[in-house]
Structure formats: structure tokens, C-alpha cells
Amino acid sequence: MRFVMNIKKLFLLMSLLPIFTAPAFSAKIESRFGVCCHPVRNHEYPMHVKMFDGVKDCGIKIVRTDMDWGPIDAGGGFYDFVRFDEVFNNALDRGISLLGIMTGVRSSKEWAVNATEKWQNYLTATAAHFKGRVDDWEIINEVDWGDWLKVKYNNNNKELGAAYAKLLKAAYAAVKKGNPDSRVLYSGVALMNGPFIEETFKADPEIGKNFDVMNIHKYYGFELPEYALSDSMKKLKELMAKYNIDKPIWLTETGCNTAPLQQTVVKGIRMALEKLGIGINKDEIAVIFDESENYSSRMYTDWVSQAFPEIKRFKRIKLSEIENLDPKKVKAVLLQSRAIFPRKYLNALLSYIGEGGTIVSPDDIPLARDGILEENGKYMTKSYGNAGAEMLHFKVSTPWEREHNKDFSLPRDFTRGFEAGEGFEDLKPEGVYVSYVISDSLLQENDKMYPILVANHGGKKYILGALIKYDSVFKGNAIVFAPILKSNGSEEYQGKLLPRYMLTALATGVEKIFNYSYHSNGLVPDAEGHFGISRYDCSYKPAWYSYKTLIEMLGEKSKPVMTFDGNVVLTSWTRVEDGAKVWAVWKLPELKKVKVKFAVKGEIKEMKNWLGKNQRKPKGDSFERFLDSGPLYLVGPEALEITRL
């Protein structure tokens, strides 16, 4: 019987051995341009060859992907790499190197911390199997976030830090055992300036011996990378120096998603306006467009066009005009997404509602953030949390506020159990919503709240979207959907932002960059499914062309130098491949027009916009131009001076 069982194991082992031809070259990561995707997982596996063709055509040389412990560890000491071999060799044959993410959870009962020996065996077997094809390994993705922090360690960074320091030491030994030439990456941390990193450094004074590369993540929406990433990198470097850790820094996730406004919100807003008797096709709705304040109802996500695609012309107003709006003529004002509204115009907006006007806020806590355009053109936001909603006579409860409240345990996202509110029965709720819950506890006098969208959870109903009819100090209305859109911007905004955060990263000391992600794998409008630079069908978004252009302009070895003149950013480098001097210039505010004068020394051999489209080269050594928030590239000039006009 024992002999028979061993024969069975032998056949199982043989069935799991890879059948592959030698890849075109060794997979040691040399390039600095990467992208994240999930080609082995079921939702992307069927299209992984098409994806890799797009990655190659873009000029991207690295794919960061998952090496899931559960599917690999078949049990009984056997490891299944069949699909990984197929997928990875398809990448290698196209000249694409791979960065593998070693995961830390095999099942609900087996985590790296309580099955460490078994976990180490998986690390060793994986590193050994791919030796010479994959030599760079990340030890657990975002261990400072999600289930590790919030479930396994109950938000205790000190305990989690100590645990990860031990795991990293164990992982380093295990990976090096499988392949001594491997590079081991610290966990790609979600919060590069959070408390977790220092807790791991404190837990093991010799932790620097247990990883080869520091590994961080950073995402963007309305936050400016030129300031935010520079500040974050400065703090990270200071922390590493404090603990005598000198390691290269890789940015293995960075990006901006393009999730659309969810159709339930679109329909709910329209239905609420109709119930108020506000004519959608009449000149009764105003959008705000104010270059002087860098504010627009369409900014970042352009939710206005998503909600009202048939309306070609709205009444367009400036923020200063709200003070004199007649609610009988202009019955509704559409606010910007992401709850941004300049505080200095708040009283005028509240007066408009007080006199009978209606405001529409498509996502987040209404009026939660101030938008501040400083004299030098720098645009900043400041959060006021619930203060804006409270001025509108309601409150919003967020998942972050509830993390330590055991009596109010809602999921971070609502994905099912939706209901339409009374009077909105024709609405067919669907989608994914962050659990921002609206409360009517602050309604005054005869104010009434009419739920539009409700989530049914645990036998209780939670309001996600509502129409508020005021009959107190206010005589108007508010249409609000508190669950945040989770969209960082439109496809155009994503494309313009990509080269800016990548150039900033390289200028501040990042060695390699991985955009998250290549493919938008979501068919539902949640954020996670729309980070890709390609769409679900693998067609290219503007960001794909933007990334391709950046790679061509930068080359592999150049070091960008970034300078600021108020709201104008000038970045330059010498391309190592051909010795060409390259310049990139852009403005920071999205809306405010910025005109500059270029003084050029030397010939402009090439001039392209952020999409890679050739621009007409100016004659002479001086010319004027309005800047875009996406980079303008100039190749050739020995020197370049810019003067704001």
C-alpha cells in the first residue's frame, strides 16, 4: 500500500512539472518602467497574451504579478507552477521581466505567521523553480493594510510591525535558499509615511540585512504628485537614515483610476431633479466653471457629462456669481465631485439654498474640502470632514470613523442588498459603494429627508443617497450621494497625470516605477477595476500613449531634475541613449490658464505633447504658448528659460 501511494504521488508530481521552452533571456530586472497586472488569475488569464503584446508595444519592460501561495502549494510537498510557467514564458519571450509577489495567506486558517515553516517551503520552492527567469520577489503586498492590519492585528501597527519583521527575516532566508541571486523586496506598503515601517525597523535593529529593496505605493486623485510625493519621499528617506538603512527605493504601485459615476447615482440624481420639478432640458441647471479659482463642476471626473449626456449647454457660472443667483431662474447648481468647494464662497452657497435653491453633490461628504488656489498658483485642499454636511442639517458616517466602534460594524464597501427609497421605485439599484452612511439626525424644524438609495445590511437600512427638502432656515433642497465615487479622474486626467507622478518619482530618488495597472479588469464601476492604462477589452486609454511617450522621451538611465516657478513645472534630463537634452514643462492647476514665454538656446529637434503627438516647432529662439496640465516635451535645446506672462 505504501508503494502504491508513492507511485500516485510520483504521477501527481510529474503532472505538475512544467513543460516549457527556454525563454529568450534571463529575467533579471534591469529596466525601470513597470506595470502591475494579474495574468495568472482567472479574470485576466484568457487575455494575458493580448495584454503582454500591449505591454511590449508600450515599451514597458517589467510586469509585477501575484505568486499566490494557495494555488501554488498543492499540498503534500507538491507545488503547481504549470499556469505560471505558461504565462511567465509568454512574458519573457516578449522581453518582459517579472517581479513576483509572494503572498502570506494560503487559507483562512493558514497565514504566514502561524504556518511559517510551510510558508518558507513555498518561498524556497518558488524561488528555486523560477531561478534565472524571475529573480526579484516582494514579500507580501501591502501588509500594512487590509486584512493583515485590520483583521489579523486589529489595527495594532506595533504588533504587526514586529510580526512582519520576523516574517521578513524568515522570507529572506527561504528565498535565498531557493535562489541565492534573488533580490528580496520589503512589502509594498500602502502608507509610505504611516507608522508601520518604523515599527518594523524598531522591532529588528538588523532588519536591513533582511531585504534588498525598499518598496512603497502611492496613489493620486486631486492630490498633486509634484508636492505630495516629494514630501513623502523626503520623510521616508529621513526615516531610513535614522535607522541606518541604505537601500534602493522602488515604487511598485502608483496610479490613478478612471471609474465612472455609477448608473444608480446618475439615475437617482435625474429622478430627484424631476421630482422637484426642475427641467433637465431647460436652462434651469447651472454648472460652475471658474478658472480664477481652479474650480469646475466637471473637474477631475466630469461627472456632469456622465449624468446629463444629452445636455450640450448648461448655464455656466463663476463662484462669485452664486451670491446673486435667483433660485426661481437657476433652480439647481451642480457641485464638483470629491466634495471640494472653496470655503470663501460657502456663505453665498448656503444663502442660495436658504432662498430656495437646490444643490447636487454626486459623491463623498458634501462640502468636506476647501479648494485653495494660492498666489503662486499652487492648488491645495483642506479637509473639514463632516462640517459641511452638518451645515446642511445631516451627518455622514464613514468606515474610517467606525473602525474602532464594535457596535457599528458595517463593511467598507456595500456590494449587494440595495433598495430604492419610497417614491424612487423605478430606480434599480446596483453597483459598489463605499459605506458612507447618511443620517437624518440633524434635520431642523420641518426639514424632511427622502432616501433615494438604501443598503439593507443585517436587517437594518442605511441611507446612501437622499433628497432633502428643507423647511427651516433653508427653503431649498439638497440631492446628495455620500458613498464616495472612488474615481481619481477621467481618462484624459489620468493620461496627463501619469508622466507627472513618474517624473516626480524619478526626480526624488525612486529607482523603478510600476504603474497600477495595465488592464482595467472591472465590468462594474468600482475603482479597483478601472486603474488600467488599457480598458477591459485591452483597447488603449490616453494613459497608454502617455506612458509610451514618457518612456521614449526619458530612456532608461536619465535622471530628471525638477524645478518650480509658481504653478509652472520645468523638468530636464540628458537622454543617455543618444545624448539628447530633453525638457518637459507643464502647469499645475487644471483650469487656470497659464501663458509662458520660452527662450531657447539651440535647435528644437522635436516637440511633442503628453500623448506623443508632434507639435509644430516654432521659428526663432523665442515663442509664447499656453501650457497644459500634461507635459510638453522639447528635445534638443541646450538651454531653456521660461517666463510666466
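Quick check on my filter: what residues within segment 342-367 are part of a loop (DSSP other than H, G, I, E, B) and crowded, with 24+ Cβ neighbours inside 10 Å?
Selection gives Gly357, Pro362, Asp363, Asp364, Ile365, Pro366, Leu367.
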Cβ-Cβ below 7 Å, separation at least six or inter-chain, first residue in segment 75-98 and over 17 Å from Tyr45 (Cβ atoms) and touching a residue at least 60 places away in the same chain (Cβ under 8 Å), second of a type in the set (Gly, Ala, Ser) and assigned to a helix (DSSP H, G or I): which pairs? Tyr79/Ala125
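Of these, Gly279, Gly268, which one is in contact with a Gly (Cβ under 8 Å, 6 or more places away or on another chain), of a type outside the set (Phe, Trp, Tyr) and in the same structural domain as Thr381 (by TED's automatic domain parsing)?
When all the criteria are applied, what remains is Gly268.
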Can Phe564 be described as under 19 Å from Phe222 (Cβ atoms), surrounded by fewer than 20 Cβ atoms within 10 Å (Cβ to Cβ) and in contact (Cβ under 8 Å) with a residue 40 or more places away in the chain? yes
Out of the strands (runs of 3 or more DSSP E) lying entirely within segment 384-473, which hold 2 or more residues that are over 23 Å from Phe341 (Cβ atoms)? 418-420, 448-457, 460-469
Where Val473 falls short, out of the listed (1) surrounded by fewer than 24 Cβ atoms within 10 Å (Cβ to Cβ); (2) modelled with pLDDT of 95 or more; (3) in contact with a strand residue (DSSP E or B) (Cβ under 7 Å, 6 or more places away or on another chain): (3)
Selection status of Asn257, surrounded by fewer than 17 Cβ atoms within 10 Å (Cβ to Cβ) and either of a type outside the set (A, V, I, L, M, F, W, C) or part of a helix (DSSP H, G or I) (or both): no
Checking Leu251 against (1) assigned to a helix (DSSP H, G or I); (2) in contact (Cβ under 8 Å) with a residue 60 or more places away in the chain, which single condition isn't satisfied? (1)
Take the residues of segment 303-327 that are part of a loop (DSSP other than H, G, I, E, B) and of a type in the set (A, V, I, L, M): which is surrounded by the most Cβ atoms within 10 Å (Cβ to Cβ)? Leu325
Residue, nearest to Val63 (Cα to Cα), within segment 502-561, restricted to residues that are surrounded by fewer than 17 Cβ atoms within 10 Å (Cβ to Cβ) and basic (Lys, Arg): Arg535
Those residues of segment 46-99 which are assigned to a strand (DSSP E or B), crowded, with 17+ Cβ neighbours inside 10 Å and not basic (Lys, Arg), in sequence order: Ile62, Val63, Thr65, Asp66, Met67, Asp73, Tyr79, Ser97, Leu98, Leu99
State yes or no: is Asn347 at pLDDT below 95, assigned by TED's automatic domain parsing to the domain that holds Leu453 and over 23 Å from the mean Cα position of the chain (by Cα)? no
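Here is a yes/no grid of residues against (1) over 29 Å from the mean Cα position of the chain (by Cα); (2) surrounded by fewer than 20 Cβ atoms within 10 Å (Cβ to Cβ); (3) part of a helix (DSSP H, G or I); (4) in the same structural domain as Ser629 (by TED's automatic domain parsing):
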| residue | (1), (2), (3), (4) |
| --- | --- |
| Arg133 | yes, no, no, no |
| Asp144 | no, no, no, no |
| Tyr164 | no, no, yes, no |
| Ala174 | yes, no, yes, no |
| Asp181 | yes, yes, no, no |
| Val184 | no, no, no, no |
| Leu191 | no, yes, no, no |
| Met214 | no, no, no, no |
| His217 | no, no, no, no |
Tally of residues being within 32 Å of the chain's Cα centre (by Cα) and surrounded by fewer than 22 Cβ atoms within 10 Å (Cβ to Cβ) across segment 441-453: 1
Are any residues in segment 572-631 of a type in the set (Ser, Thr, Tyr) and in contact (Cβ under 8 Å) with a residue 40 or more places away in the chain, and if so, which ones? Ser572, Ser629
With the structure loaded, tell me whether Val576 is over 25 Å from the mean Cα position of the chain (by Cα), part of a loop (DSSP other than H, G, I, E, B) and closer than 28 Å to Ser31 by Cα or whether it fails that test. yes
Sort out which residues of segment 240-253 are surrounded by fewer than 24 Cβ atoms within 10 Å (Cβ to Cβ) and among the β-branched types (Val, Ile, Thr), and write them in order of number. Ile245, Ile249
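The values are calculated or read from the model by the stated rules, or taken from the named source; none is laboratory data. It should be emphasised that the depicted structure is a prediction, and the values quoted were computed from it without experimental measurement. Every residue, glycine as well, gets a Cβ built from its backbone with ideal geometry; the counts of neighbours run over all protein chains shown.
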